[in-house]
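Report on the structure given below.
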């Protein structure tokens, strides 16, 4: 038994600062349960020895009894110290129930303040600790019992507030960052709905349900506004830019039209200029539709979610409206500038794709050139061979020229320099389309 006492004393001294806890046990109740397990082991043996008078009369029993008393006292003092420290925190935890529901914390990523639930994580542990202390038959302070009575209420409202803030952050994530300033007024309304939970309501308030319902109504209006504006932008702006103008098939000239016939240089230049003007006009109309949508977006931002212009019935409301307009000029200008840059980029890509396509239509590889040149010479000087026909390449631009063999020269009409000038003039006309489109739609 003496060896058991020494082992228990050694175990206690070694692990008292970080005791092995029962499964799922909170720190303080777990430590007390561990110390009581050690105490029970030595008490059971000592109770047996005290009933046996022969053991009590042994010479070394007083020494073992003193060792037992010191060990038992150390375990009891250890338990009392843990309980005293725990009870000192109860009043602070009770005061937390009178704290506000929400708080503002700094968000280093977005460089502003973020709304968070004002809940002390340790407050959740007290609920489990009180349950464990009841099992251990520990005298529980009245303040702890008061906290315990509000466990379900506290957890219920914390869950509802978690859902509320999760929904708010999700709605914020649906706003594309460049357009965030457009929603300043709507965000202000949502933050005003959150304000009572930040400054007035506490975890002990009786009207938390009404507050949460009010914030959800504000979020409903916020969600409706985001959905309406996002839908308008997606259908009337992004769809035109991304699916039509940025499509690889969107060009300033029709490939099939260019390949459709044999052109004279003058005819080709005139028709291409006319064709480029028509295509530029079509693209300009699409860009004009986008610019008209800018006004629709601004008008929608001035409306409330029910589709009516916001009205103020009192002078104080009018003053508030003046202080926070539905959408500021700076926000709208930034929104328009963003899409003007994107529209300019689309026009540049269209011209780039058109030039690349035009180059493909007028160019030829060296190998293909040598083969076609050999066939042409044979055709001119030897006539058409039955075994080998002169195949006309219809996949490129075809300029009509006549070639006459007049010794010692070959006369080409019109001259190749004129054909080359015609091709270069069309290329310049393609480049000039940017000025026409940008000028008509004021994209610069």
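Looking at region 255-301, the pairs of alpha carbons with a distance over 12 Å make up 71% of the total. In region 102-226, the C-alpha radius of gyration followed by the widest Cα-Cα span (Dmax) gives 18.1, 61 angstrom.
Rounded to the nearest Å, what's the spacing between the alpha carbon centres of region 1-44 and region 406-426? Just the number, please. Region 1-44 and region 406-426 have Cα centres spaced 106 Å from each other.
The distance from the alpha carbon centre of region 186-204 to that of region 236-270 is 56 Å, rounded to a whole number.
The numbers here are math on the coordinates, done by the rules we state, and not lab data. Predicted, not measured: the structure shown is a model, and the values here were computed from it.
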